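The values are calculated or read from the model by the stated rules, or taken from the named source; none is laboratory data. Keep in mind it's a predicted model, so treat the numbers as computed, not measured. For neighbour counting, all protein chains shown are included, and Cβ atoms are generated from backbone atoms with ideal geometry for every residue, glycine included. Heads up: the accessible areas ignore ligands, DNA and RNA and are worked out on the full protein's heavy atoms, side chains in. Shrake-Rupley method; radii C 1.70, N 1.55, O 1.52, S 1.80 Å.
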Amino acid sequence: MQGLEISKLTKSFGGAPVVSDVSLKIEQGSFVCFLGPSGCGKTTLMRIVAGLEEPTDGKVLFDGRDMTHIPTHERNFGMVFQALALFPHLDVADNIGYSFRYRVMDRKQRAERIDELLELVDLPGMQTRRVDQLSGGQRQRVAIARALAQEPLLFLMDEPLSALDAKLRDHMQVELRQLQRKLKITTIFVTHDQREAMTIADQIVVMANGKVQQVGSPVEIYRRPANRFVADFIGQSNLFDAILLSRTEVRLSDLTLAVDAVPADPETGETVTLCVRPESTILTPAKSATTGLFGKVTFVRDLGSSVEIFLDVDGGQVLASLPPASWQTMAHEREFRISVAPGSATVLED
Ligand code: ATP
């Protein structure tokens, strides 16, 4: 296979596994985020790919070649970490040029290549600026240029933007994505920030407790979370107990809802957990509806671009999210029947 293949990787520290039996295929040219809470093992997994950590078990293949025991410096993978490890006393050109130290190149070639890379990361003319005289975002770009200078086969980034303020971070996410599209370089980006992963990735690998919970595009993971952990970790969700009527239908209170991709385990008649995203709920004033969960409004939060409505229902709380214009027409109501937009309910694995 072209690209990266991780096969049955396990890593234990002192007998305790922090990465457990992870298998993944990352296609040539794609941008993949390892996403999960602190301590879930995402950095360890990336460090194994980089060759900075030996796996306890399993293999790392790149373009079909077994890299598991190849030393880091022979893998030709570019790396950018949160701590950038730039040389503060050197200027921008020498920081980038450091990547050329093993290359045969004359001064002119070296200078031209540095110019090209600075152009690429949108820092033209910065060659002689000292790194400690740059802003956080500019330093980040120098680190990216330095990693790209070695023309890596794979680009590995561990929380590279987490030290930046929110606005610059948003800006750099878009820039990084555009740069990656232009260069078509296979990239792995580690983050614990779900919004960042949703913005930047083609594919997200959601991890918890050293295990992969789900792999999919941002939209797939949001619309069809595999289990409670993913439903909870990515965005907001309403979880309901429902009865499985068939492989394509569930019953929620007095509603019959169509579902797809029902996990294999539960059998017809069993209680399953149903996930419904807040924007997939439909509210109808109780006086003009006869079916759906009965709910009373407890709190309304107007976020400007959407309105969140919290409702008490028998046995719990439901969060609905509506466009402001839709809410406006019924904002005076306090009692609603809650139903679900067709095709938007997901049966979770556990
Ligand atoms: P964070 O977002 O906080 O960086 P992470 O998901 O990247 O978290 P890892 O850094 O991979 O998590 O760590 C996973 C677990 O392995 C943690 O419990 C951590 O303490 C442990 N761990 C990591 N490196 C070592 C080590 N060298 N020796 C012992 N335990 C380690």
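In the stretch 219-233, how many are free of Cβ contacts under 8 Å to residues at least 40 places away in the same chain and open to solvent by 10 Å² or more (accessible area, probe 1.4 Å)?
First pass over the stretch 219-233, keeping only residues free of Cβ contacts under 8 Å to residues at least 40 places away in the same chain: 219-221, 229-230, 232.
Now restrict to residues that are open to solvent by 10 Å² or more (accessible area, probe 1.4 Å): 219-220, 229, 232.
The total comes to 4.
In the stretch 186-199, which residue that is of a type outside the set (S, T, Y) and either free of Cβ contacts under 8 Å to residues at least 12 places away in the same chain or open to solvent by 20 Å² or more (accessible area, probe 1.4 Å) (or both) is farthest from the ligand (Cβ to nearest atom)? Talk me through it step by step, then tell me what you get.
So in the stretch 186-199, the residues of a type outside the set (S, T, Y) come out as 188-190, 192-198.
Then keep just the ones that are either free of Cβ contacts under 8 Å to residues at least 12 places away in the same chain or open to solvent by 20 Å² or more (accessible area, probe 1.4 Å) (or both); that gives 192-195, 198.
Working: H192: 5, D193: 10, Q194: 13, R195: 15, M198: 17 Å.
This residue is M198.
Across the stretch 317-338, which residue is farthest from V219 (Cα to Cα) among those that are of a type in the set (G, A, S) and open to solvent by less than 30 Å² (accessible area, probe 1.4 Å)? Break it down stepwise before answering.
Step one: of the stretch 317-338, the residues of a type in the set (G, A, S) are 320-321, 325-326, 331.
Retained after the next criterion (residues that are open to solvent by less than 30 Å² (accessible area, probe 1.4 Å)): 320-321.
Numbers: A320: 19, S321: 18 Å.
Within the stretch 317-338, the match that is farthest from V219 (Cα to Cα) is A320.
K8 - would you say it is assigned by TED's automatic domain parsing to the domain that holds G137, open to solvent by 80 Å² or more (accessible area, probe 1.4 Å), part of a strand (DSSP E or B) and away from the ligand (no atom under 11 Å from the Cβ)?
Working: assigned by TED's automatic domain parsing to the domain that holds G137: yes; open to solvent by 80 Å² or more (accessible area, probe 1.4 Å): yes; part of a strand (DSSP E or B): yes; away from the ligand (no atom under 11 Å from the Cβ): yes.
Against the criterion (assigned by TED's automatic domain parsing to the domain that holds G137, open to solvent by 80 Å² or more (accessible area, probe 1.4 Å), part of a strand (DSSP E or B) and away from the ligand (no atom under 11 Å from the Cβ)), K8 qualifies.
Among the conditions (1) under 20 Å from V230 (Cα atoms); (2) part of a strand (DSSP E or B); (3) within 12 Å of the ligand (Cβ to nearest atom), the only one that T43 does not satisfy is (2). Applying a threshold of 6 Å to beta carbon distances and a minimum spacing of six or more residues, or different chains, the list of pairs starting in the stretch 47-62 at a residue that is outside the structural domain of F77 (by TED's automatic domain parsing) and ending at one that is open to solvent by 20 Å² or more (accessible area, probe 1.4 Å) and among the hydroxyl-bearing types (S, T, Y) is empty. Scoring M1 on the criteria (1) under 27 Å from I221 (Cα atoms); (2) in a strand (DSSP E or B); (3) more than 16 Å from the ligand (Cβ to nearest atom) leaves a single failure, condition (2).
Would you mind finding the one in G51, G64 that is open to solvent by less than 30 Å² (accessible area, probe 1.4 Å) and small (G, A, S)? Write out each step before concluding.
Details: G64 fails: open to solvent by less than 30 Å² (accessible area, probe 1.4 Å).
It is G51.
Exactly one residue out of F34, F13 is open to solvent by 80 Å² or more (accessible area, probe 1.4 Å), in the same structural domain as L153 (by TED's automatic domain parsing), within 16 Å of the ligand (Cβ to nearest atom) and of a type in the set (F, W, Y): that is F13. Within the stretch 17-31, being open to solvent by 30 Å² or more (accessible area, probe 1.4 Å), outside any loop (DSSP other than H, G, I, E, B) and more than 8 Å from the ligand (Cβ to nearest atom) holds for P17, D21, S23, K25, E27.
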